[in-house]
Amino acid sequence: MLAFSHDFPFDPAYGHTLDDLLAVPAPPAPADFAAFWRARHEAARAVVTAPVVGPVEEVRDGVRVYGVTYTSVGGVRVGGWLVLPDDGPVGHGPVEHGSVEHGFVVGHGYGGRDAPGPDVPLPLPRSAALLPCVRGMETRGRRPGIPSRADEHVLHGIGSRDTYVLADCVADLWCAASALLELVPGLTERERGPSLGYLGESFGGGLGALALPWDDRFAAAQLTVPTFGNHPLRLTLPCVGSGEAVRAYHREHPEVTRVLRYFDAATAATYLRVPTLTAPALFDPSVPPPGQFAVHNAIAGPRELHVLEAGHFAYEGTERETKALRDARERFFAAHLG
C-alpha cells in the first residue's frame, strides 16, 4: 500500500493490511432482516412511477441526456437524468428508442449530483440509464423537510427503521428501475426478462448493497468504495464522512444500533447473489476501508475484487486508478450483461 501524506487526525488506513481487510466479517442479520426488506421492495414495486421526460439537456460521448422525474414511495417525485444512445430520432422521443440493448440504474455519492458527470459514458454501448437524485439530495432530489447535507441527511428519521430516510432512498432506486423499464420497454421484452446493471459509488454503493438482493431485475452490479458496511465496527472508527455524524449520534443515543442493524450494507451483501464487482479502497478518510471490505467479503454470489489505493482522496495515481477501474467495469459488464 502506498504511504500517503495527509493531515487527518487519524489514520485513514486504520492500521489494516489487505489481508486484514479481507478478513473483516459482516454482522449477523436480525431475524426479520429479509422480511423487512422484501416488504419494502414489494411496496416500491407497486408504485406507479409515471415518469416524465424533459427535453434534451446535453449530447456527448455518444449519448443524449434528458431530464426526468418519476414517482417513488410516499408519492415523492424524484428527479434525475435519462441517458440514451445518440442514434435515434429526437423528435420521436426516448420511449420509442429502439437501439437500446442494456439498462443501468446509477446511484450517486453523498451530496447528490448536479449533472450525469463521470458516470457517462456508460459501461456498455447501446445502453440506457436512469441516474436519480434520491430524496433529499442535490440537485434534483431536494425535498422540503429532508436535509440535503450529508451529515444531517444520514440522521433523518434514524430513530426508527420505519422512518429512516435510507429505506426510502433504497426505494427510490427500485422505482428508478421501474421508471427506466417503462421508458425503454424494449428492455422488458427479452425472453429472460429485464437484466439491468447497477452502478453505485460511496453512498450509492451502500444503497446498492441494500437494494440489490431483493430485486431480480438486476443481473450485475458494481459497488465502488461502498458505505454503511459493518456498522458495529464503523461506530469505532473516526472519519470525515457521514459516518462521523452517526458516531456522534450514537454516543448520545446508543439504542440506535437496533435501527442500524437493518441498514448494514455488509449484512445485506450476505443475501446478494448477482455477480458484483467491488472496488474498495485501502486508504479512505470518508468511508473507513474495513467497512468497505466487509461488503465485498460478505457477497454471497460471484464477486470480483478491484482494490483501489485510495478513496475520497486525490493523489498522483488518481487518474490512473480511475481509468483502470473504468476498464475493469467495461470488461465486467460485457461478461455479465453483454
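The values are calculated or read from the model by the stated rules, or taken from the named source; none is laboratory data. Small disclaimer: the values here were computed from a predicted structure and weren't measured. As a convention, Cβ positions derive from the backbone with ideal geometry for all residues, glycine included, and neighbour counts pool all protein chains shown.
Remarks
For every residue, the table says whether it meets (1) of a type in the set (Lys, Arg); (2) assigned to a helix (DSSP H, G or I); (3) at pLDDT 95 or above.
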| residue | (1), (2), (3) |
| --- | --- |
| Leu130 | no, no, yes |
| Gly159 | no, no, yes |
| Val170 | no, yes, yes |
| Ala177 | no, yes, yes |
| Gly193 | no, no, no |
| Ala221 | no, no, yes |
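- Members of the stretch 242-286 that are surrounded by fewer than 24 Cβ atoms within 10 Å (Cβ to Cβ) and of a type in the set (Asp, Glu): Glu244, Glu252, Glu255
- Just one of the listed residues (Val287, Val295, Val307, Val256) is in contact with a Ser or Thr (Cβ under 8 Å, 6 or more places away or on another chain), over 19 Å from Asp119 (Cβ atoms) and β-branched (Val, Ile, Thr), and it is Val295.
- Candidates are the residues of the stretch 132-156 that are in a loop (DSSP other than H, G, I, E, B) and either polar (S, T, N, Q) or in contact (Cβ under 8 Å) with a residue 60 or more places away in the chain (or both); the one that is surrounded by the most Cβ atoms within 10 Å (Cβ to Cβ) is Val134.
- Inside the stretch 44-74, residues that are loosely packed, with under 14 Cβ neighbours inside 10 Å and part of a helix (DSSP H, G or I) make up a count of 1.
- Checklist (1) over 30 Å from Leu282 (Cβ atoms); (2) modelled with pLDDT of 95 or more; (3) buried (at least 18 other Cβ atoms within 10 Å of the Cβ) applied to Pro94, failing item: (2)
- Residue match in the stretch 259-266 (condition: in contact with a Leu (Cβ under 6 Å, 6 or more places away or on another chain) and among the charged types (D, E, K, R)): no
- From the list Thr236, Thr322, the one residue that fits, being surrounded by fewer than 23 Cβ atoms within 10 Å (Cβ to Cβ), part of a loop (DSSP other than H, G, I, E, B) and of a type in the set (Val, Ile, Thr), is Thr236.
- Per-region count, the stretch 305-334, residues under 13 Å from Ala221 (Cα atoms) and without any contact (Cβ under 8 Å) to a residue 24 or more places away in the chain: 1
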